[in-house]
Amino acid sequence: MDIKLVKNFEEGNYIPVNDQLLLQVVDANYRLGRFPGKKIFMLNPLTNERLEILPEIHKYNLANISYAAVSHNHILFTSASSINETQVEISYYRYDVSTGAHHIIHTTVADLTKLGNVLLLKAFVLDENYCIFDEITYSRENLSSTGLFSNGMGTHKMLLKEIQENKERLLKDSVIATSGIEKLIPLSGNLCIIKLGSPMLEELVFSDTAIQPFKQKEIIGIVNIKQFISELLLNQNNAFLEILDEGSEEITFPYIRQYDNDIVYSKVDVSKKIEEVIIYDYETKVKKVRLNSNITRISDLNHTYILNDTPYIIKNTDKNTRLINLNTQKTDIKLSGDVRIKFIRRDLIVTQHHVKKMFFMRKENYYIEVFRYPDMHHSIFKTRAKYKDCIAFFDDLLIFTN
């Protein structure tokens with residue numbers, strides 16, 4: 001895996017599109033109510049060249065957009081125009097990164113004061129011709145957010161869009177339409193991880209008033225996207241799904257991630273205050289379980305990383321940074337408190353070392369180092385820069401700095 005430094009780019013999100021291009025999303029100098037405008041660039045990380053996508057169209061991050069393929073030639077973004085003081089018409093644009101061709105494939109009207117609060121919009125790009133659009137309405141305010149905070153109980157208006165024929169089909173009376181798609185993560189080929197239903201965890205999850213009875217069914221499974229689309233078209237009550245795990249009134253799944261062949265997710269038993277960290281190899285179908293007891297709040301959850309096929313968690317204190325092996329429950333790596341682990345990928349560990357200003361130094365410094373585990377004494381890459389972000393870009397590791 002080659003390591004490349006990407007310098008001097010604005011704060012923003014960096015999303016792989018294909019093996020040559022990244023999507024870079026940064027703030028623009030205009031707003032729509034409380035929503036900042038966005039500029040979207042196509043970035044070539046090998047040359048640092050970038051091209052802004054359709055600068056004449058005002059763009060906003062009004063919907064969560066997911067893709068069922070790791071590499072794709074089309075992207076979606078949202079724009080909006082005001083209808084009156086509160087209502088806006090939201091347009092979903094599809095843009096071809098190869099040709100620059102673009103058109104609107106879906107529109108909806110929303111109350112801007114409710115958007116991102118009691119109304120959440122999602123779009124799932126299944127393939128070149130099919131998308132799912134979901135409008136989720138919540139019964140309580142301030143519940144839709146990133147992270148692990150509960151979205152509460154929502155009702156879904158879910159549409160399957162056939163782009164070429166410009167047809168929309170309402171999905172209803174199925175577990176997908178009732179619970180909603182919370183996560184869709186591409187694996188390989190046509191396979192994806194799918195997570196149905198929102199996690200029912202809040203920071204004070206074990207107080208008597210924090211948990212409401214489960215009405216949505218949480219399911220984690222694997223889908224073949226082509227079969228998934230066919231089942232939705234032929235019989236939307238029986239969409240193809242290989243179920244890996246199911247929730248209940250006591251069981252919820254706060255997070256799910258993918259590391260190469262491993263699917264890693266958290267399974268919390270609310271009544272027993274126990275978290276199981278599940279590591280499932282979707283190729284060999286081998287499942288490993290690691291326990292984390294005395295869970296009383298969101299911050300107690302283990303955020304697990306896979307390093308050389310071994311599950312680890314990171315514990316940070318002012319004095320040190322520790323990498324704990326979940327198989328042995330022992331500390332395998334202990335670093336000083338001014339060194340933080342920022343990213344883990346396969347056998348690579350990216351760290352940032354903060355050297356504070358002292359009487360013989362005019363200013364503080366930051367150093368980024370990359371180590372190949374288990375050798376933590378000799379870095380394979382080092383530069384003086386402040387870490388901003390890091391992503392695995394197909395076979396490369398891209399480190400973004402100031």
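Where a number appears in this text, it was derived from the coordinates with a stated rule and is not lab data. Everything numeric in this text was worked out from a predicted model, so none of it was measured. Counting neighbours? That spans all protein chains shown, and the Cβs are built from the backbone with ideal geometry, glycine included.
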Open item on the list: With a 10 Å cut-off between alpha carbons and a GNM built on the chain, which of 168, 56, 250 moves the most?
Closed with: 56
Task: Residues whose placed amide H lies under 5 Å from that of residue 183, excluding near-sequence neighbours - done: 195
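For the chain, what does the convex hull of the Cα positions come to per residue, in cubic angstrom? Walk me through the numbers on the way to the answer.
Values: hull volume 68.1 nm³, N = 402.
Measuring per residue, one finds 170 Å³ for the Cα hull of the chain.
Just rank 228, 371, 240, fewest to most, by other beta-carbon atoms within 10 angstrom. Let's see the in-between values first.
Working: 228 23, 371 20, 240 17.
The most exposed by this proxy come first: 240, 371, 228.
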- [ ] Using a Gaussian network model of the chain whose springs link C-alpha atoms within less than 10 Å, name the residue from 45, 374, 311 with the highest mean-square fluctuation.
- [x] 374
Task: 222 nm mean residue ellipticity, helices alone, for the chain (DSSP H n ≥ 4; -39,500 (n - 2.57); rounded to 500) - done: -1000 deg cm²/dmol
Task: Among 89, 275, 218, residue whose mean-square fluctuation peaks in a GNM of the chain (springs only between Cα atoms under 10 Å) - done: 89
- [ ] For a footprinting-style exposure proxy, rank 384, 340 by other Cβ within 10 Å, fewest first.
- [x] 384, 340
- [ ] For residue 382 paired with residue 167, estimate the spin-label separation in nm (one decimal), with each label point 7 Å from Cα along the Cα-to-Cβ line.
- [x] 6.3 nm
- [ ] Evaluate the Debye formula for the stretch 1-64 with equal point scatterers sitting on the alpha carbons, no solvent, and hand back log10 of I(q)/I(0) at q = 0.14, 0.20, 0.23, 0.25 Å⁻¹, in q order, two decimals.
- [x] -0.44, -0.82, -1.02, -1.15
Open item on the list: At a 10 Å Cβ-Cβ cut-off, how would you order 339, 355, 289, 125, fewest neighbours first?
Closed with: 289, 355, 339, 125
Task: Integer Hz, Karplus 6.51/-1.76/1.60 couplings in order for the stretch 259-276, x for Gly and Pro - done: 10, 6, 7, 9, 9, 10, 9, 9, 10, 10, 8, 4, 5, 8, 6, 10, 10, 9
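Determine the alpha carbon to alpha carbon distance for each of 39/357; 7/342; 273/315; 38/357; 4/319; 319/363 and list only those over 26 Å.
Violating the 26 Å limit, Cα to Cα: 39/357; 38/357; 4/319.
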Open item on the list: Please compute, for the alpha-carbon atoms of the stretch 334-402, the extent along each of the three principal axes and give them in descending order in Å.
Closed with: 43, 26, 17
Open item on the list: Using the basic label-point model (7 angstrom from Cα toward the beta carbon), what is the residue 271 to residue 318 distance in nanometres?
Closed with: 4.2 nm
- [ ] Give me the lysines in straight-line cross-link reach of residue 172: C-alpha distance below 22 Å, same-chain residues under 8 apart excluded.
- [x] 122, 157, 161, 183, 195, 215, 217, 226
Task: Two-site label geometry, residue 64 and residue 340: point separation in nm, points 7 Å out along Cα→Cβ - done: 2.4 nm
- [ ] For the stretch 17-104, just the Cα set please: Rg and Dmax, both in angstrom.
- [x] 13.7, 45
Open item on the list: Output wanted: per-residue J couplings in Hz (rounded whole) for the stretch 395-400, from phi through Karplus 6.51 cos²θ - 1.76 cosθ + 1.60, θ = phi - 60°, x for Gly and Pro.
Closed with: 8, 10, 10, 9, 10, 9
Task: Linear extension gain, residue 13 paired with residue 99, 0.36 nm per residue minus alpha-carbon span - done: 28.7 nm
TODO: Taking amide H positions as placed in the peptide plane 1.01 Å from N, state which residues far from residue 282 in sequence (5 or more) or on other chains have amide H under 5 Å from it.
DONE: 263
Open item on the list: What are the ³J(HN,Hα) couplings of the stretch 111-124, residue after residue, when phi is run through the Karplus curve with 6.51, -1.76, 1.60 and θ = phi - 60°? Round to Hz, x for glycine and proline.
Closed with: 7, 4, 6, 9, 5, x, 10, 10, 10, 10, 10, 9, 9, 10
- [ ] Starting from the amide H of residue 303, placed 1.01 Å from N in the peptide plane, find each other amide H under 5 Å away whose residue is 5 or more places distant or on another chain.
- [x] 314
